[in-house]
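One structure is given here, and the rest of the page talks about it.
The values are calculated or read from the model by the stated rules, or taken from the named source; none is laboratory data. None of the values given here were measured: they were computed from a predicted structure. Here the Cβ positions follow ideal geometry from the backbone for every residue, glycine too, while neighbour counts run over all protein chains shown. Keep in mind that these areas ignore ligands, DNA and RNA; they rest on the heavy atoms of the full protein, side chains included. Shrake-Rupley method; radii C 1.70, N 1.55, O 1.52, S 1.80 Å.
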Amino acid sequence: MSRGDLHATRAESPAPWPLRDLDVGALRRSGVGPVPFRQFVLKVHSRCNLACSYCYVYEGADSTWRDRPVRVPPATMRRAAERIGEHARTHRLSSVRIDLHGGEPLLGGPGPLVRYVDAVRAEVPAGCQVEAGVQTNGTLLTPQALTRLATAGIRVGLSLDGGTSQHNRLRAFHSGRPSWPAAMRAARLLAEHPDSYAGVLCTIDLANDPKDVLNSLLELRPPGLDLLLPHNNWTVPPTGVAPADPRKLGFPHSRATPYGDWLAEAFDLWWEHPEPSVRIRLFGEIIALLLGQPSATEVVGLSPVAAVVIDTDGTIEQVDSLKTAYAGAPVTGLDVRHNSFDEALDHPGIVARHLGLDALGPECRTCPLARVCGGGNYAHRYLARSGFRHPTVYCADMARLIRHVSDRVLAEIGDSP
Ligand code: SF4
């Protein structure tokens, strides 16, 4: 896509903010500088061996994956690694994080993953640490593959919907065969190799009881757990919720809080767990933010998001979750063959993730929870033909959870000697 095409796309944008209305030039002139990327999501394989019914990549409106190479070609791998090295040198980065994703990244075996990470390590300047991980559905993780990944210093994260076959009923192979037996073997294998186990990523399904989900996942002995809200927005709201225009709701609004209730119950189980418990990122981040620390995740807080995606064809994209907003939402019009990552730093969609409170809509800017909530996950703020300057569609749920965590933490501090 040429620059001209890109500007035409912005003019007709389904997301006027930030694509049309965020004036990056004016921001730069006013002294707001770019925030370098530190996290590079590298797509290794563009297909998946599962057909999860809720998958936003393959079942959603964005079908760009069909036009992408199935496997990342070696030349693209080398060029992406050179660009990461260039970026690390330009910004004197002391570390970068590489996240290997798909589709299912292990569909091509561990070899391409190891080669991609090796290529990046060869390109970054001396003294720049490369932390590498792969996010997998686990079905192809053999002991041999894990040994190869561990030798290359690549840690493994598992995507699950809980720790039982029932929780994972929507995660099936294309034939309809359930994936759980194979995923469970991977979880057991990783539990035997804690140094290689990055943790479990679990999207909340209200049909699953929080106690069952948490207890069954803890039995898999992950070092960390991420509980994620499903990717919805004001135009495509969560199941059972009517689409709404947040500008007409008035804030705080009194919508039901099923996800906030689910998460509050999960928090209590975690908080009251008798043994030293697994790290649950969402809860840990909220507590840290309540105590005045900065956030280290994109789902809460106001810290800049420093992640960028490189697809199997070398295109430079914004985070995948934007695909749930509208087809093509992650597009920047840039690719590693022709463009540096510094050019991507001036894309309005990327800049919008660096502005903290200034990126939020009026409801959030005056909200007493804004410093902790941060407006919620950026993808969940979307309203068609308006864009991303709105509270998250889970606003009421986030408020419920944050107030609950705050009450529990304050009670604990008050009780301490
Ligand atoms: S999304 Fe978060 S910051 Fe915005 S109004 Fe709702 S609770 Fe407050």
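Numbers for the structure displayed
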{"item": "Heavy-atom accessible area order for Arg71, Arg79, largest first, 1.4 Å probe", "result": "Arg71, Arg79"}
{"item": "Farthest toward positive dipole pole in the chain [+1 Lys/Arg, -1 Asp/Glu at C-beta], among Gly102, Ser216, Gly133", "result": "Gly102"}
{"item": "Debye, to nearest 20: dipole size of segment 44-142, +1 on Lys, Arg Cβ, -1 on Asp, Glu Cβ", "result": "280"}
{"item": "Portion, in percent, of the accessible area of segment 262-308 that falls on carbon or sulfur, probe 1.4 Å", "result": "55"}
{"item": "Surface per residue (accessible, 1.4 Å probe) for segment 262-314, Å²", "result": "41"}
{"item": "Computed accessible area, Met398, all protein chains, 1.4 angstrom probe, square angstrom", "result": "10"}
{"item": "Where only C-alpha atoms are counted, convex hull volume of segment 356-413 per residue in Å³", "result": "73"}
{"item": "Global size of segment 305-367 as Cα Rg and Dmax, reported in angstrom", "result": "13.2, 43"}
{"item": "Solvent exposure of segment 163-211 as accessible area per residue, Å², 1.4 Å probe", "result": "50"}
{"item": "Rounded to whole Å, sorted largest first: equivalent-ellipsoid semi-axes of segment 80-196, Cα gyration tensor", "result": "31, 14, 12"}
{"item": "Eligible lysines near Lys323 by straight Cα distance, threshold 19 Å, same-chain separation 8 or greater", "result": "Lys43"}
{"item": "Mean-position separation - Cα centroids, segment 304-354 and segment 359-417, in angstrom", "result": "25"}
{"item": "Given charges at beta-carbon only (K, R positive; D, E negative), |dipole| of segment 172-237 in Debye", "result": "200"}
{"item": "Cα lying deepest toward the dipole's positive end in the chain, options Gly375, Leu263, Ala399, charges on Cβ", "result": "Gly375"}
{"item": "Segment Val70-Glu131, length gained on full extension (0.36 nm per residue, minus Cα span)", "result": "19.5 nm"}
{"item": "Virtual spin-label span in nm between Ala256 and Glu82, 7 Å along Cα→Cβ", "result": "5.6"}
{"item": "Amide H contacts under 5 Å for Ala132, placed H, 5+ residues apart", "result": "Ile98, Arg155"}
{"item": "Carbon and sulfur %, accessible surface of segment 356-400 computed with the full protein complex present, 1.4 Å", "result": "54"}
{"item": "The chain, dipole about Cα centre (Lys/Arg Cβ +1, Asp/Glu Cβ -1), debye to the nearest 20", "result": "820"}
{"item": "Leading residue at positive end of dipole, segment 318-378 (Cβ point charges), from Ser340, Pro362, Ser321", "result": "Pro362"}
{"item": "Computed over segment 285-417, the ratio Rg/Rh where both radii use C-alpha atoms and Rh is Kirkwood", "result": "1.05"}
{"item": "In Å², nearest 10: area of His404 left accessible to a 1.4 Å probe", "result": "40"}
{"item": "Protein-only accessible surface order, largest first, of Thr239, Thr147 at 1.4 Å", "result": "Thr239, Thr147"}
{"item": "Alpha carbon centroid spacing (whole Å) that separates segment 145-216 from segment 23-50", "result": "28"}
{"item": "Compactness of the chain, expressed as Rg and Dmax over alpha-carbon positions, Å", "result": "20.9, 65"}
